[in-house]
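The values are calculated or read from the model by the stated rules, or taken from the named source; none is laboratory data. Source: prediction; values computed, not measured. Positions of Cβ are generated from backbone atoms using ideal geometry, with glycine treated the same way; all protein chains shown enter the neighbour counts. Side chains included, ligands, DNA and RNA excluded: accessible areas come from the protein's heavy atoms. Shrake-Rupley method; radii C 1.70, N 1.55, O 1.52, S 1.80 Å.
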Amino acid sequence: MKNLVILFFILTSCACMAQEVPFKSLRYDENYSYLANDTSANWYHQLKFNPVSKDKTTYFSFGGEVRYQYFHFNNEGWGEAPQDKDGFILTRYLGHIDLHSGKRFRAFVQLQSSLANGEAEMPSPVDQNPLDLHQAFIDYTVTSAGGQDLTLRLGRQELSYGSQRLVAVREAPNNRQSFDAAKLMYGGKDIKLDVFYSCYVPAKPNIFDDGFNNGTQFWGAYGVFNKVPVVQNFDIYYLGIYKKAAVFNDGKGAETRHSAGTRLWQTTQAWQYDIEGVYQFGNFAGNTISAWTASANISYTFYKTQGKPQVGLKTEAISGDTNPKDGRMNTFNPLFPKGAYFGLAALIGPYNLTDLHPYVQVNLTKKLVFSSDYDMFWRMTANDGLYAVNGALLYAGQAGVSKQIGNQLGGAFEYTPNKYLYLREEFTWFSAGDYLKEAGPGKDILMVGSTITFKF
């Protein structure tokens with residue numbers, strides 16, 4: 001606690017000294033070269049821009065994050081998990097060094113430590129990874145006279161695309177995910193194109209043991225086109241995955257799956273929309289894959305009204321397996337989605353699902369935001385089961401005949417006094433539906449959670 005108080009005052013003082021350039025979700029996207037002309041003796045500026053050459057084109061930049069979270073569940077796992085009266089604490093530490101040498105070369109190294117304390121059961125790899133090399137890559141960039149960039153990135157790195165429905169850094173859970181990858185990136189005025197091949201890095205229980213593993217291979221191409229007539233912004237992509245051992249309600253075995261998708265999106269002062277569709281094909285344990293998903297997130301912000309209230313509606317249809325014995329696999333695979341897909345409680349994963357999700361948000365002050373949502377869940381098909389966010393099968397399709405999973409009510413207060421400090425207080429209440437009562441105890445879940453995050 002003493003260290004937390006000290007860190008709080010340090011970062012509060014930083015807010016007074018430093019220019020308010022926001023941090024990025026992908027910390028390697030931050031660029032502090034603008035501080036080359038800074039003549040102040042600001043220690044924080046020197047931390048972010050530490051030149052080691054006379055012309056200041058070669059420099060180091062340092063940064064990190066400390067996050068504490070407290071959770072308490074009542075009837076975790078709808079009554080299947082052991083009852084924990086005290087709750088548990090998740091802690092995440094991130095620290096990175098970023099070296100830039102001229103306009104062409106850079107190297108980025110980041111360590112991560114994710115700790116779980118007080119959980120009633122053995123922590124999962126998503127919650128616990130004591131200390132490991134999270135990212136370590138080099139970039140080589142060539143820039144044309146027209147300002148177009150071509151960058152080759154080699155090494156361990158985070159991947160994030162689109163709205164993070166399929167490829168995410170997994171920010172909300174305790175342990176962010178990374179890949180050992182080779183990626184070629186092209187950036188033009190209104191076009192961004194990536195081509196990559198990678199192997200997923202599974203978290204292991206000891207220190208510095210997350211070595212290279214080719215059990216899950218992931219490759220693809222992703223294009224983003226801006227200022228497109230009529231649709232404004234347009235993504236199109238292909239993603240491929242090979243898993244040596246995959247498990248679904250349909251069985252277990254090797255999986256080779258291909259995903260072809262497109263996304264339309266736009267953000268204005270008033271209207272925001274994000275519409276996406278994906279079709280998947282390939283083979284799984286000798287069965288032919290034919291799966292799909294369609295999603296929409298449409299909202300309206302009353303930007304001229306005090307508090308800028310926003311109302312929105314999300315909805316998703318995610319295919320499930322229609323017949324386990326027909327030689328066709330219809331369960332959609334969300335690949336590497338954001339962990340808190342339907343809220344920080346992370347009770348349900350995006351497999352075999354239909355959901356309707358209205359939500360509201362209002363700025364109580366410039367730094368305090370309140371949001372609330374209500375999510376209604378059904379199984380897409382009664383022959384397929386219910387899955388966790390990590391893809392684990394929670395209940396088999398044969399465990400019940402009802403499609404109704406349940407309803408989830410959530411609410412959160414978010415307070416951001418400056419860019420260094422973020423606090424969140426939230427609750428989630430899940431009312432179990434008929435299928436959960438058929439498949440297991442089917443008790444209602446109540447979760448309360450607190451988050452405090454420091455970044456520098």
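Return only the number of the condition from (1) open to solvent by 80 Å² or more (accessible area, probe 1.4 Å); (2) modelled with pLDDT under 90; (3) part of a loop (DSSP other than H, G, I, E, B) that C16 does not satisfy.
C16 satisfies all of (1) open to solvent by 80 Å² or more (accessible area, probe 1.4 Å); (2) modelled with pLDDT under 90; (3) part of a loop (DSSP other than H, G, I, E, B) except (3).
Given the condition within 20 Å of L193 (Cβ to Cβ) and open to solvent by less than 40 Å² (accessible area, probe 1.4 Å), answer yes or no: does some residue in segment 121-134 qualify?
Going residue by residue through segment 121-134, those that are within 20 Å of L193 (Cβ to Cβ) are none.
Within segment 121-134 (the criterion being within 20 Å of L193 (Cβ to Cβ) and open to solvent by less than 40 Å² (accessible area, probe 1.4 Å)), the answer is no, since none of the residues qualifies.
Looking at Y161, Y140, which one is part of a loop (DSSP other than H, G, I, E, B) and aromatic (F, W, Y)? Walk me through how you get there before you give the answer.
Numbers: Y140 fails: part of a loop (DSSP other than H, G, I, E, B).
Going through Y161, Y140 in turn, the sole match is Y161.
Cβ-Cβ below 6 Å, separation at least six or inter-chain, first residue in segment 60-75 and within 15 Å of L347 (Cβ to Cβ), second among the small types (G, A, S): which pairs?
Every condition considered, the pairs that remain are F71/G87; F71/G449; H72/G87.
What's the number of the condition A145 fails, among (1) over 25 Å from T216 (Cβ atoms); (2) in contact with a strand residue (DSSP E or B) (Cβ under 8 Å, 6 or more places away or on another chain)?
The number of the failed condition is (2).
Give me a count of the residues in segment 44-79 that are over 24 Å from L111 (Cβ atoms) and either outside any strand (DSSP E or B) or touching a His at 6+ places or on another chain (Cβ under 7 Å) (or both).
Of the residues in that region, 10 qualify.
Does T416 count as open to solvent by 10 Å² or more (accessible area, probe 1.4 Å), within 27 Å of G312 (Cα to Cα), over 19 Å from the mean Cα position of the chain (by Cα) and of a type outside the set (A, V, I, L, M, F, W, C)?
Here the answer is yes, as T416 does meet what is asked.
Could you please find all residues in segment 291-318 being surrounded by 15 or more Cβ atoms within 10 Å (Cβ to Cβ) and polar (S, T, N, Q)?
Scanning segment 291-318 gives T293, S295, N297, S299, T301, Q310, T315.
Tell me which of these H357 doesn't satisfy, since it passes every other one: (1) open to solvent by less than 50 Å² (accessible area, probe 1.4 Å); (2) outside any strand (DSSP E or B).
Condition (2) is where H357 drops out.
So if I check each of T331, T288, which one is open to solvent by 20 Å² or more (accessible area, probe 1.4 Å) and not small (G, A, S)?
Values: T331 fails: open to solvent by 20 Å² or more (accessible area, probe 1.4 Å).
That would be T288, the only listed residue that is open to solvent by 20 Å² or more (accessible area, probe 1.4 Å) and not small (G, A, S).
Taking into account only those residues within segment 153-189 that are more than 24 Å from A260 (Cα to Cα) and among the aliphatic types (A, V, I, L, M), which is most open to solvent (accessible area, probe 1.4 Å)?
L154
Just to verify a result, which residue in segment 260-276, among those that are open to solvent by less than 30 Å² (accessible area, probe 1.4 Å) and part of a strand (DSSP E or B), is farthest from I191 (Cα to Cα)? Give the derivation first.
First, pick out the residues of segment 260-276 that are open to solvent by less than 30 Å² (accessible area, probe 1.4 Å): 261, 263, 270, 272, 274, 276.
Adding the requirement that they be part of a strand (DSSP E or B) leaves 261, 263, 272, 274, 276.
Values: G261: 17, R263: 15, Q272: 21, D274: 18, E276: 19 Å.
So, considering only residues that are open to solvent by less than 30 Å² (accessible area, probe 1.4 Å) and part of a strand (DSSP E or B), the one farthest from I191 (Cα to Cα) is Q272.
Return the residues of segment 22-56 that are of a type in the set (S, T, Y), closer than 20 Å to K103 by Cα and open to solvent by less than 60 Å² (accessible area, probe 1.4 Å); say none if nothing qualifies.
Y28, Y32, S33, S53, listed by residue number.
Here is a list of conditions, (1) in a strand (DSSP E or B); (2) more than 30 Å from V369 (Cβ to Cβ); (3) open to solvent by 60 Å² or more (accessible area, probe 1.4 Å); (4) among the basic types (K, R), and R257 meets all of them except one; can you say which number that is?
Only one criterion is unmet by R257, namely (3).
Name the single residue, out of those in segment 209-242 being over 23 Å from K189 (Cβ atoms) and either free of Cβ contacts under 8 Å to residues at least 12 places away in the same chain or in a loop (DSSP other than H, G, I, E, B) (or both), that is most open to solvent (accessible area, probe 1.4 Å). Please lay out each step first, then the result.
Of segment 209-242, the ones over 23 Å from K189 (Cβ atoms) are 209-220, 238-242.
If we keep only those that are either free of Cβ contacts under 8 Å to residues at least 12 places away in the same chain or in a loop (DSSP other than H, G, I, E, B) (or both) as well, we get 209-215.
On the way: D209: 41, D210: 14, G211: 32, F212: 141, N213: 50, N214: 76, G215: 17 Å².
For segment 209-242, the residue satisfying everything is F212.
Output the residues belonging to segment 368-393 that are among the aliphatic types (A, V, I, L, M) and more than 15 Å from G433 (Cα to Cα).
Taking segment 368-393 and keeping what is among the aliphatic types (A, V, I, L, M), we get 368-369, 376, 380, 382, 386, 388-389, 392-393.
Correct list: L368, V369, A388, V389, A392, L393.
Kindly provide the set of residues from segment 373-394 that are open to solvent by 30 Å² or more (accessible area, probe 1.4 Å), assigned to a strand (DSSP E or B) and of a type outside the set (A, V, I, L, M), ordered by number.
Residues satisfying the conditions are D373, Y374, W378.
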